[in-house]
Each structure stands twice: as C-alpha cells, then as structure tokens.
Amino acid sequence: MNDAVRHDPALRPEAVSAELERLILDTADEGFCLFSAGDSRLIAFNQRFVDIFGFDPEWVNAEPTVEAVTEAIWERQQNRPPDRAEYVQRVLKRHDAPGGREMELELRSGRFVVGRTQAARGGERLYTFRDVTSERRILEQLQAERERLASLVEHAPVAMYIINCTTGMTTQVSRSIRNVSGQEAESFIGPSVDWERHVHPEDRPLVRRTIAGAIAGQHFYDIDYRYVRPDGTVRWLRDTAGPLPVAEGMEPQIAGVVMDITRQKTAEEELRQSERRFRELIEGVSDFIFYEHDVDRRLTYVSPSVERMLGYRAEELLGHRFGEFHPDHVAADLARAHESVAAAIETKRRQPQYEVVLRRKSGEPVLCEIMEYPVVAHGEVTGFHGVARDITDLRDMQQRLRERERLAILGTFAGGLAHDLNNLLLPIRAGLDVLERDPDPSKVADRVNSIRRATDHIAELTKNLLMWTRHESSQTAALSTTATEIRPWLEEALPFYRDAVRAPEGEPAIDVRLDLRHPPAQAKIDGGLLKQAILNLFLNARDAMTSGGLITLTVDRSPPSWADSVEPLSAAASPGEYDGAERAALPGVRFVVTDEGCGMDESVLRRAFDPFFSTKARGKSTGLGLALVGSIVRSAQGQVQIRSRLGQGTSIILDVPAVDRSGAVALRDEAAEGRRGMALPGRVIIGLRDPRVAAFVRTGLAALGAAARIDNGEPEPDDVVWVLDPALRGPEYLSRILESRGDLAVVALGPRDDRPGWPEAILWLDGPVDASAFRRIVDSAARQGSRVKDRVE
C-alpha cells in the first residue's frame, strides 16, 4: 500500500470498505461531477448528480463539455438569468479561475441545490452538489414563524432549567418540560423533588454522578439517558448544561437544556442494525467473494466467504497479489486481470467484467467471473473494489447442455435420415424382388422407373445434406465472390415461385405478390443457391397456409446496420474484408418472404434452423429446409431472421451483401409479357414431377410468348400443348386422351421407354431442355394438333 493510502484516514482499508458499501447501495448524499483538464469534458460523475438535475444518462455518458452542462443547468433553473450566453460565460470564467467557488441554485423541479467547485491535483475541476431542499424549507419556515418563537418554546420538546449550585435545587424550569418528561414544571422545583426516580435504573448512577460533580465543580456536562414517563413510556433525553456568569452578590448557578432525542436514537439503532445485516450479507454469501486490492493488485481486504470458495482464510491472502496466492498459479490465466487493471488505471473507469481461473488451496482450478470498480482519489486510481463469483458449475452445466443438444440433434438427424432412407429403399427392394420373381419384359420398364424414382429421391436428399454441411468447402467459399443481377434473377425466379406454390384444382388459392422497392443492382451470392434458399421459404409458406392466402416477396436495400451481427467466415471473406467501420456500412440486399399462415410459437422459433426439425407430419418433410437456407445465407456472409407470432403469419428476412452501393432495379413490363403470350391460340399445360423443372419450362415458354400453367391434372379445353413426364402417364392413358383431343400436342420430357403402345404423335424431348427445345414446343402448339413425329435427340 502506498503512503497516500496508509496515512490518509479517508483511504484506509476500513474507509475503502465503507466506500464499497456506498457504491453497492448507491446512497451518496452529494452528487459530484469531474471535468477534465484542457478540453473540460465530463469524465466522471455519480448517480446522485444525474438524479439532482434529471439528466439523461446517455447524454452525460457522452462526455459533454462544461459549457454544455452549464447550459443544461441554466435551462433547469427556476429564476434563471435572462441572458443565457452571459450566464454561461460567467460560469466558464469562474470554472477557469483558481481556487474554489460556491453557488446556490433553485431548480424548476422544486429543489434547492448548493454547489461547490474546486480544482483537482491533475488540473481537473470537481463540482459537488448537495440537495438542501429540506434545510432551505426549514429555514423558510423558521423565518416565517420568527414572531411566534417565544410561544413555540413553551410547547417545543425542549426545556430549559436553572440549578442553584449552593442548594443543589432546581429553581427555574420552562413549561415545555411537560413535552419532554410528561410532567408539569412545578414537579421539578422545590426541596422535595424526586425526579431522579424517573430516570431509567440503568442510567440513574451516571446521571446522579454527572450532575452532582458539575454542581460541585461548576463545569459543563453533556449526557444522554433514558427517562421513564408517568405513563410508562421510555424516552431518550439529551441533557446539556454549563455554569452561568456569577454576578456580585449572587449564588453560582448552572443553566441547562434538555431535549427529547428518541427519534435520533431510534434512527441510530436502525442504522446499526442495517449495517449489521449488510455486513452479515456480505460475509455470509458463499458464491461471491468481496475483495479490495491496491494498484499493484495486492489484496487489502477479502470477505470471509473466500474460505468456503477457495479454502483460504481471509487473513492468509492479505498482501498477496490477486490470483497469485497459490504457488501453482498460471500467469496466462491471469492475463485478463492484468489488462483490466491497467486499462482502469489509465481510463479511471470501470472495465467490463471478465473471467479468470483462480486456484483453490488444494490446487483445483476455479473459473470466476470478476467485476471490479476503481477507487479514484485526487484524480488518481488508488485501489479497486471487486466481486468474484464462482461460475465453474455454471459453465459445466452449460457445456453439458450443449453436448446434450448436440446429441439430441444427432439423434434427430439419424432418426430422420434413417426414416427417409428406409422409405426410399422399400420400393427399390420391392421392385428388385418382383423383377427376380417375375422378369416379364413387358413389366420391367415400369419397375425400373419406380426404382429410378426412388434413387432420384435419395440423390436429392443426399444433395441437400451435402449442401447443408459444406460451410468450409471451396464451393461455399466461392459463394461470396459470385454476383447475381437482381433484375434478371427476379424475372426468372418469380414465375418459378408462383408455379411452385400454385394450389391444385379444388384447393384454396395461394397468390404471390412482389413488393419491389429500392435494392442495390447486384447481390454477392450465387443466383442458383439464392433461388434454392427462397424456394424453401415459399414452400414452407405454402404448407403453413392450409386455407390459402398471400405470399409476399419484398426486395429492398438492407438497413445500414444489418451486418453488425454477422460473423465473418474465414473461408468466404477476403483478408481485411468487412472489418471495422467498413462492415458497419456494408451495403446489402434484403429479401423478405411473408405469409399469412399459422405462425410459430417461441419453442418452434428457437429450433427453426435445427437440422431435421420439422412440425409437419412424419414423412412430409426432411426438416432440412431452413437449415439449408441458413447454410446458404451464412456462407455468403449474410444473416437470417425470423419474425413470427402464433396465428399471425411469418416473415423470414434474408440479408446478403451487395456488390455496389447504388442502382435500383425494376421488373420488365408484365403487361407486355401478357401481350406476347397472345401469339398462341391456347395455353400450355405442364405436368412434371419436379416443380423446379416445371417452373423452368414455364419460364422458358413465357420468354417465347407462350401462356403456360403448371398442373398435374388432365388438360382443359383451352390447353393446346401438354408437356408431361412419361413416367407419370402410361401409353394406354395417353392414347385415350389423344383419341378425344385430336387438336392436342403432347410433348414428353425424357427418354422413351420400352413399353409398347406409345402414340406416334408424341414429341419426345430426351436431349437438353434449352431454347431450341422450347421453340419446338411452341411450334407444335402453333400448328394446333399437327403431330410432330420427329424425335429430337
């Protein structure tokens, strides 16, 4: 401990401990604020200062100048000077002048405040403010009642008396003695007075001895004692007396004043009890250690709870550096403590709480959470108050909980994967068994197609799993370097999404609306993966709206602070990219998919992105949809948010980085597209297994002016071309359709299998589905029933 702490009574350990209690209870009577030297900014204050003037905590934490604080105080004064500028300049002049000043303020809140200012050792300026509202009002009341003071004396709980030192008898007593003792003044005057019997028996010897000695020696006395009134109540009295000047021919006398101090004694006793309870609380808490150390981190006080927590008696640790009291301590474990103390000494402010590893006396490590408060005196940090909490069990519990969650996810993962694979392997095994028992060539094709469909589903599941788990792969790293033009991407994706959620005939309709605002021109994400992510959101929205409704896709510029909470991926970010202020100003594109569905409660929201978690019926979903969305967006340095309430729909927000900071986009004129679609005499019906392929075909046909719809049902009279998957329709079925609809052109996407009876009029497209294939489809529709027998390879 340095000399300043050792010799200054205000900085001794017991005084510092009292300061710790003051900080914890925040019961300071005076408010203070400290302005720095030079730029005169507010660098320190207490809560009482904020409360007295009603300042905004955020404003005072912003370190306003003394000029700004003076203007704020001027605005809060009741009878403030009319000229604000003159008032501020006068205060600033006093602020810069040496020595101290005193001021008196009346605030609009009704408070009266006395302020004092003095210069600190380091050139700072310290202001203290004391709320004297109560004292001021008392003085005003006394001033108003001055004329009646004489009569009040007779009725006040204060009495005056005179004792003749020669006879030892009381010769005069004011009538207000009745308010103090409950007895009339006459009972105290005369030779037969026995007032001592009303003094409490425990205090009677002290009172008799003190008064008798003062009469004999004619000197002052001041004693407190208990007095039992005639009604049995006990009151505390303070009796103060002294000799009067002796005039010639007069006997020596003592004049005294006795007052009722019962309230003061009661308050003092309550304060002692409060201090005792607080001390017992501090010393009785077993999970916390309250301690103090100097700037060299040597402990000057440790609460007794250290013995329960670390196995040391408090006196064993005094003088040791914090955390270094065990011989096997590890310096690296205490690095954070060194940094916090150094930063607090430099800034003279409390640092954020931190965690360190301490050692029990037995050598066992204990993980502790530390909160320290610097003690600043005369502008310098002289020591620290601290609280240490044992969080070892808490961290162990959190670790076990995380392990349990991982096991739960793994179990869900394994169960969901096993269930889906089992469902897909059943038709494969059944088809192979049938082929083995009955290898009829006419039935082989159907069974092989059934097996192929099952393997396609397995491949799709595997693809989703790989996409979900490839955060650190080179493909994922490339996501953030791929730019997607918003305009053409929307023009391709929007029809795809409409087709994907279109309800079958007879079911409630689902509408899709685009709300295009002012997004940047390009998004820094692969367009195909973005399309896949938002498709999953559309499909989830469709499934949530069992009664139909509206799905809205909003595309806009992300708010400026969207990237504050995004954690950079080392594999996806270039060196130095998105660092510091650049990250805060990172432009982004925001995609919001909003539905009118059933919404989610808190329990579902917490697990929404967990792999294989789904609220849908068993077998209806793999539970990888939102997990895949999160994987895609995070790999592109973006973020995902969910806003949902049960019964009120859901909004899922995707924010991804933008390539530039400007450029609005717009969709092409949909009316013009509709006019181009009038080139055909009817519509194209698309019936395919995969809705994504169906939407792709529809988009390609729309680009050529063909009006198309996706429907796995039968063609309607307005349909002139039927694009279908041959695995879904057999040759006999198509022959019946063409017999009744001679004007219908049928286009099969896929290879022609060996089943006999396929109508010759079918146009087979088993090559790449590209622009030439779309043109063939449109040409077949334009001929309205002409049969194209050529097979396009």
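The values are calculated or read from the model by the stated rules, or taken from the named source; none is laboratory data. Predicted model, so just to flag it, every value in this text is computed and none were measured. Quick reminder, even Gly has a Cβ in these numbers, built from the backbone with ideal geometry, and neighbours come from all protein chains shown. Accessible surface is based on the protein model in full, side chains and every heavy atom, while ligands, DNA and RNA are left aside. Shrake-Rupley method; radii C 1.70, N 1.55, O 1.52, S 1.80 Å.
The table that follows gives values for the structure above.
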{"quantity": "Long-range neighbours under 7 Å by Cβ, at least six apart or interchain, first residue outside any loop (DSSP other than H, G, I, E, B) within region 697-714, second surrounded by 21 or more Cβ atoms within 10 Å (Cβ to Cβ) and among the acidic types (Asp, Glu)", "calculated": "Arg698/Asp499; Ile710/Asp499"}
{"quantity": "Every residue from region 186-217 that is polar (S, T, N, Q) and in a helix (DSSP H, G or I)", "calculated": "Ser187, Thr210"}
{"quantity": "Residue count, region 103-140 (criterion: part of a strand (DSSP E or B), in contact (Cβ under 8 Å) with a residue 12 or more places away in the chain and either acidic (Asp, Glu) or under 22 Å from Ala37 (Cβ atoms) (or both))", "calculated": "13"}
{"quantity": "Output for region 508-522, where each listed residue is closer than 15 Å to Leu494 by Cβ and of a type in the set (A, V, I, L, M)", "calculated": "Ile510, Val512, Leu514, Leu516"}
{"quantity": "Tally, over region 248-269, of residues that are open to solvent by 50 Å² or more (accessible area, probe 1.4 Å) and in a loop (DSSP other than H, G, I, E, B)", "calculated": "4"}
{"quantity": "Number of positions in region 633-659 that are under 16 Å from Leu586 (Cβ atoms) and among the basic types (Lys, Arg)", "calculated": "1"}
{"quantity": "Residue count, region 709-736 (criterion: over 54 Å from the mean Cα position of the chain (by Cα) and open to solvent by 30 Å² or more (accessible area, probe 1.4 Å))", "calculated": "10"}
{"quantity": "Members of region 525-578 that are touching a Leu at 6+ places or on another chain (Cβ under 8 Å), at pLDDT below 85 and open to solvent by 40 Å² or more (accessible area, probe 1.4 Å)", "calculated": "Asp526"}
{"quantity": "Lone qualifier among Asp446, Asp393, Asp438 - being modelled with pLDDT of 75 or more and among the acidic types (Asp, Glu)", "calculated": "Asp393"}
{"quantity": "When residues of region 32-48 are limited to those that are assigned to a strand (DSSP E or B) and aliphatic (A, V, I, L, M), the one most open to solvent (accessible area, probe 1.4 Å)", "calculated": "Ile43"}
{"quantity": "Selection within region 337-374 - hydrophobic (A, V, I, L, M, F, W, C) and open to solvent by 20 Å² or more (accessible area, probe 1.4 Å)", "calculated": "Ala342, Ala343, Ile345, Val357, Leu367, Met371"}
{"quantity": "Single unsatisfied condition, Arg276 versus (1) open to solvent by less than 50 Å² (accessible area, probe 1.4 Å); (2) within 51 Å of the chain's Cα centre (by Cα)", "calculated": "(1)"}
{"quantity": "Total residues in region 103-120, condition open to solvent by 50 Å² or more (accessible area, probe 1.4 Å), under 39 Å from the mean Cα position of the chain (by Cα) and not hydroxyl-bearing (Ser, Thr, Tyr)", "calculated": "2"}
{"quantity": "Residues being surrounded by fewer than 16 Cβ atoms within 10 Å (Cβ to Cβ) and either more than 21 Å from Tyr373 (Cα to Cα) or over 35 Å from the mean Cα position of the chain (by Cα) (or both) - total across region 319-336", "calculated": "6"}
{"quantity": "Region 57-102, residues that are open to solvent by 60 Å² or more (accessible area, probe 1.4 Å) and under 14 Å from Leu34 (Cα atoms)", "calculated": "Asn61, Ala62, Glu67, Asp96"}
{"quantity": "Flag for Gln143 being open to solvent by 30 Å² or more (accessible area, probe 1.4 Å) and more than 42 Å from the chain's Cα centre (by Cα)", "calculated": "yes"}
{"quantity": "Residue within region 284-305 that is over 30 Å from Pro243 (Cβ atoms), of a type in the set (S, T, N, Q) and in contact with a His (Cβ under 7 Å, 6 or more places away or on another chain) present", "calculated": "yes"}
{"quantity": "Cβ pairs under 6 Å, 6+ apart, first in region 321-337 and of a type in the set (Phe, Trp, Tyr), second part of a helix (DSSP H, G or I) and at pLDDT 85 or above", "calculated": "Phe325/Leu317"}
{"quantity": "Residue within region 270-278 that is in contact with a Phe, Trp or Tyr (Cβ under 6 Å, 6 or more places away or on another chain) and on the phi < 0 side of the Ramachandran plot present", "calculated": "no"}
{"quantity": "Output for region 97-144, where each listed residue is modelled with pLDDT of 85 or more, small (Gly, Ala, Ser) and within 15 Å of Ala44 (Cβ to Cβ)", "calculated": "none"}
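Rundown of residues vs (1) within 26 Å of Ala503 (Cβ to Cβ); (2) surrounded by fewer than 19 Cβ atoms within 10 Å (Cβ to Cβ); (3) within 60 Å of the chain's Cα centre (by Cα), yes/no style:
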site	(1), (2), (3)
Ile686	yes, no, yes
Ala694	yes, no, yes
Arg698	yes, no, yes
Ala707	yes, no, yes
Leu738	no, no, no
Arg741	yes, yes, no
